[in-house]
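Visitor: Can you read through this structure? Questions will come right after.
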Amino acid sequence: MLELYHNDMSTCAQKVRATLAEKDLAWDGHELNLRTGEQHKPQFLKLNPRGVVPVLVHDGNVIIESNIIMEYLEDAFADAKPLMPGSPQDRAAVRNLLQRLDTSLHLHIATISVGIAFRDQLLAVHNSDQALESYYAAMPDPRLQAVYRDVVPSGASSKSFLQALDGWKRQFADMSNMLASSDWLVGDALTLADL
């Protein structure tokens, strides 16, 4: 049985749900309210000490980190629609793109999401400086905590937000170059990199 702890607005959860859909895998969902901080509660932190979604539980085994979950689904359900290319070179290209997401672009998308989508919701739910401070302090990841502390008060004018936009502009330019010579990011078939 596959269980996914996720949220409707989490881009990392979205790509895992897209992988599940492309592979036509049945799953049960547990949607957490990220605005109220359900991901910071002790019960969830036992599953993922980083306090972020998604988390996949497969027959009692806990898998965290969206790219790792996607590769796990590819390996565990190899008979379902393949989402990794056949050649070692193309597989490496997919992994390079996934690693780029993990090393910089993930924090950029979190920054943009907080600035555009979550900021107003967080300010409405945590309507005092003390309530916001409690929300920030509950975040186990210091890098993510720093993003929230910068972007929630300042929104799209924060330094972090502007840096994140620049990072994604470079990514979109690179993706345009890749798509100029093939139908998908790596070759002529949908891969984990596209999801």
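The values are calculated or read from the model by the stated rules, or taken from the named source; none is laboratory data. Predicted model, so just to flag it, every value in this text is computed and none were measured. Glycine gets a Cβ as well: all are built from the backbone with ideal geometry, and neighbour counts include every protein chain shown. Only protein heavy atoms, including side chains, enter the accessible area calculation; ligands, DNA and RNA are left aside. Shrake-Rupley method; radii C 1.70, N 1.55, O 1.52, S 1.80 Å.
Visitor: Applying the selection to the stretch 144-190, what residues are open to solvent by less than 60 Å² (accessible area, probe 1.4 Å), among the small types (Gly, Ala, Ser) and in a helix (DSSP H, G or I)?
Guide: ALA146, SER154, GLY155, ALA156, SER160, ALA164, GLY167, ALA173
Visitor: Separate question: Quick one: ARG17 ticks every box in (1) farther than 16 Å from THR191 by Cα; (2) open to solvent by less than 70 Å² (accessible area, probe 1.4 Å) bar one, so which box is it?
Guide: Going through the list (1) farther than 16 Å from THR191 by Cα; (2) open to solvent by less than 70 Å² (accessible area, probe 1.4 Å), ARG17 breaks only (1).
Visitor: Here's something else I'd like to know. I'd like to verify a number: residues in the stretch 25-57 that are under 15 Å from the mean Cα position of the chain (by Cα), outside any loop (DSSP other than H, G, I, E, B) and buried (at least 19 other Cβ atoms within 10 Å of the Cβ), how many?
Guide: Residues that pass the stated criteria total 3.
Visitor: Answer yes or no: is there a residue in the stretch 77-90 that is polar (S, T, N, Q), assigned to a helix (DSSP H, G or I), within 16 Å of the chain's Cα centre (by Cα) and closer than 26 Å to PHE172 by Cβ.
Guide: No, that holds for no residue.
Visitor: Now, a different point. Inside the stretch 125-143, can you point out the residues that are touching a residue at least 40 places away in the same chain (Cβ under 8 Å), open to solvent by 30 Å² or more (accessible area, probe 1.4 Å) and among the aliphatic types (A, V, I, L, M)?
Guide: VAL125, ALA138
Visitor: Between ARG100, ARG119, which is part of a helix (DSSP H, G or I), closer than 25 Å to LEU179 by Cβ, open to solvent by 30 Å² or more (accessible area, probe 1.4 Å) and of a type in the set (Lys, Arg)?
Guide: None of the others qualify; the one that does is ARG100.
Visitor: Another one. Residue pairs, Cβ under 9 Å, 6 or more apart or interchain, first in the stretch 20-39 and at positive phi, second part of a loop (DSSP other than H, G, I, E, B) and surrounded by fewer than 17 Cβ atoms within 10 Å (Cβ to Cβ). List them.
Guide: Listed by first residue and then by second, the contacts come to ASP24/ALA80; ASP24/LYS81; GLY37/ALA138.
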